[in-house]
């Protein structure tokens, strides 16, 4: 069992592991190793689960008076991460978006590439103003992309968030740090801006961008992935699915996230391995 380690310092915008030190009328004060403290307001205090001296995980941000405050709630995205946030208020000096915490996240006018509309969602990065200690969000994300491609290789797996649709496919942010592209001819499911997907590195480009795929690269890897998908869905459907070689390509894409050509090849392989049987109007797990 992993033991928690107390934070050396309190870090705004991140999850901190801190020690419960003092009980006050306003809540518990939590302490880091350097003896800096932050308040966990009463609304988040669970005395039975937070005895004095215990270590707890909290997210730290700043309140309306710019004082650090802790919460057991987690935001949709932390410092350095990207999220798809809804605008809840707009002022002359900027917008406010819902990021899952009581205090909305501020998007300064200078950090907007377009006029924000209340009720609309935008892909933003959570940032920290080093001078004021305040968290803010930005739509201007280009300068934050990592150009160090060391350690990246084909089929390395990351999580990516869908950034924008283009004529070629979808721009994505890979691992909260790399700019990447998913190409239309390799997408067999409906994607939306803000979706988070597991991706595989396909190509590390000279312009410091990544070509990525929703499927593993290479024939063997793709075959294993496709077979696993079909078998998993058959098990979930109690051993039978109404699909054959003649099934509609759009239906195959919607259910299995693969092309009809790939689906037919996968069925043939699974039949030859005697893992499934092909009936007149369905496939069946053996």
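The values are calculated or read from the model by the stated rules, or taken from the named source; none is laboratory data. The shown structure was predicted, so the numbers you read here are calculated from the model rather than taken from an experiment. Note that each Cβ is placed from the backbone with ideal geometry, even for glycine, and that neighbours are counted across all protein chains shown.
Here are a few things to note about the model shown:
- Among residues that are surrounded by fewer than 16 Cβ atoms within 10 Å (Cβ to Cβ), outside the structural domain of residue 87 (by TED's automatic domain parsing) and closer than 26 Å to residue 60 by Cα, residue 177 is included.
- Qualifying residue in the stretch 190-212 (condition: surrounded by fewer than 16 Cβ atoms within 10 Å (Cβ to Cβ), without any contact (Cβ under 8 Å) to a residue 40 or more places away in the chain, part of a loop (DSSP other than H, G, I, E, B) and in the same structural domain as residue 263 (by TED's automatic domain parsing)): no
- Residue-level analysis places residue 185 outside the set of residues that are under 30 Å from residue 122 (Cβ atoms), at pLDDT below 90 and assigned to a loop (DSSP other than H, G, I, E, B).
- Test: residue in the stretch 45-53 that is surrounded by 12 or more Cβ atoms within 10 Å (Cβ to Cβ), over 19 Å from residue 133 (Cβ atoms), touching a strand residue (DSSP E or B) at 6+ places or on another chain (Cβ under 7 Å) and at pLDDT below 95: yes
- If you go through the stretch 122-147 and keep only what is over 15 Å from residue 173 (Cβ atoms) and at pLDDT below 95, you end up with 129, 130, 131, 132, 133, 134.
- Qualifying residue in the stretch 30-40 (condition: outside the structural domain of residue 172 (by TED's automatic domain parsing), modelled with pLDDT of 95 or more and closer than 30 Å to residue 164 by Cβ): no
Yes or no, residue by residue, for (1) closer than 30 Å to residue 252 by Cβ; (2) in contact with a helix residue (DSSP H, G or I) (Cβ under 7 Å, 6 or more places away or on another chain):
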| residue | (1), (2) |
| --- | --- |
| 114 | no, no |
| 118 | no, no |
| 132 | no, no |
| 157 | yes, no |
| 165 | yes, no |
| 169 | yes, yes |
| 194 | yes, no |
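- Residue within the stretch 33-50 that is out of contact with any helix residue (DSSP H, G or I) (no Cβ under 7 Å at 6 or more places or on another chain) and touching a residue at least 40 places away in the same chain (Cβ under 8 Å) present: no
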